[in-house]
């Protein structure tokens, strides 16, 4: 499993360049799972959405495009903190 965080400002676009994996998104109320397995499809993840990736096939490769440069203070690393900030 990879991820397990949310961003306050950053948005992402995730593509499976090779192989397959699942992206699990949670808005604080509802969880949805998206299977990525084609390099010509991607998944947009807005800010303030909890995400993690799992169920990776052998030799899978993810491309994650971000709307911002890395900023440590943008991360929310604890789900309870995320739910509280969404409140």
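Only residues that are closer than 23 Å to residue 31 by Cβ and either assigned to a helix (DSSP H, G or I) or modelled with pLDDT under 95 (or both) were counted in region 59-87, giving 10.
Scanning region 20-58 for residues that are in contact with a helix residue (DSSP H, G or I) (Cβ under 9 Å, 6 or more places away or on another chain) and not in a loop (DSSP other than H, G, I, E, B) gives 26, 50. Of the residues making up region 1-11, at least one is loosely packed, with under 12 Cβ neighbours inside 10 Å and modelled with pLDDT under 95. Considering only residues of region 49-61 that are within 12 Å of the chain's Cα centre (by Cα) and surrounded by fewer than 17 Cβ atoms within 10 Å (Cβ to Cβ), which is nearest to residue 86 (Cα to Cα)? So the residue we want is 52.
Pairs are defined by a Cβ separation below 6 Å, a sequence spacing of at least 6 or placement on different chains, a first member in region 16-32 that is closer than 13 Å to residue 45 by Cα, and a second member that is outside any strand (DSSP E or B); the pairs so defined are 25/49; 27/49.
Scanning region 29-47 for residues that are under 18 Å from residue 74 (Cβ atoms), surrounded by fewer than 17 Cβ atoms within 10 Å (Cβ to Cβ) and in contact with a strand residue (DSSP E or B) (Cβ under 7 Å, 6 or more places away or on another chain) yields 44, 47.
The values are calculated or read from the model by the stated rules, or taken from the named source; none is laboratory data. Quick caveat: nothing in here was measured; it's all calculated off a predicted structure. Don't worry about glycine lacking a Cβ; one is built from the backbone with ideal geometry, like all the others, and counts go over all protein chains shown.
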